[in-house]
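Let me begin by presenting the structure, written as structure tokens, before commenting on it.
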Amino acid sequence: MIASLFAGFTTSMALIVAIGSQNAFVLRQGLRREHVLAVVLTCALSDALLIMVGVGGLGAAVAAAPGLLTAIRWGGAAFLLGYAVLAARRALRPGTLEARNGPGSTLRATMLACLAFTFLNPHVYLDTVLLLGGLASQQQFRWVFAVGAALASAVWFTGLGAGAHRLAPVLARPLTWRLLDGVIALTMTAIAVGLLLS
């Protein structure tokens, strides 16, 4: 049982740590100290839900519906490209890049963006529903594996959101924010292009 828990935790952590759109969004919110708890809870609970759905067998059903995966892929790519444009615009306007200055986002707008980064991202379905769901089916204790995977997600997002503010002194300069938003724009673009070419 412990082996299944550990396998779920380490597999999920290996998948989630890779820089992606959801991680970049959580990092930015943590640096801005803006609705961090709500963002972390939304990401962790969404991942847990998707993992449980995948382990419960939906992964196989989704894999059998290529049209659905195609729609998710194109919609996700469009969303990521749109966010890349916004990040690039922020990178070109240093006056709006300081973490605590400028107008903040409302909780509603932040939650809508967070849900979009979670549920419009095809990698979330590939990783959590299909891959983790498939790996769980090979475990003796598949639901324990799922708990371990969900725990890894909660630990990661909590650490990313809560720990980001420690970087605030380093990121207090507009140039640093310009570079961060530039990296986010490039990351989003690369992920979107990868989705469109896959």
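Structural remarks
- Pair THR70, GLN140: separation of 7 Å Cα→Cβ label points (nm): 4.3 nm
- If you take the alpha carbon atoms of the chain and fit the smallest convex hull around them, that volume is 103 Å³ per residue.
- Under 14 Å, Cβ to Cβ, from LEU132 - net charge with Lys/Arg +1 and Asp/Glu -1: -1
- As a length-normalised measure over Cα pairs under 8 Å and 6 or more apart, the relative contact order of the chain settles at 48 percent.
- Label separation (LEU112 vs VAL183): 2.9 nm, computed from points 7 Å beyond Cα along the C-beta direction.
- The HN-Hα couplings worked out from phi for the range 122-134 by the Karplus form 6.51 cos²θ - 1.76 cosθ + 1.60 (θ = phi - 60°) are x, 4, 4, 6, 5, 6, 7, 7, 7, 5, 5, x, x Hz, whole numbers, x standing for Gly and Pro.
- Classification of the range 130-198 by its C-alpha gyration tensor yields an oblate form. The axis ratio a/c (a ≥ b ≥ c) is 1.5 or more, and b/c is at least a/b.
- Full extension of the chain between ALA78 and LEU175 gives 32.1 nm of extra length, using 0.36 nm per residue less the Cα-Cα distance.
Bear in mind these aren't lab numbers, they're just calculated from the coordinates by the rules spelled out. What you are looking at is a predicted structure, and each value in this text was computed from that prediction instead of being measured. All Cβ positions, glycine included, derive from the backbone under ideal geometry; neighbour counts span all protein chains shown.
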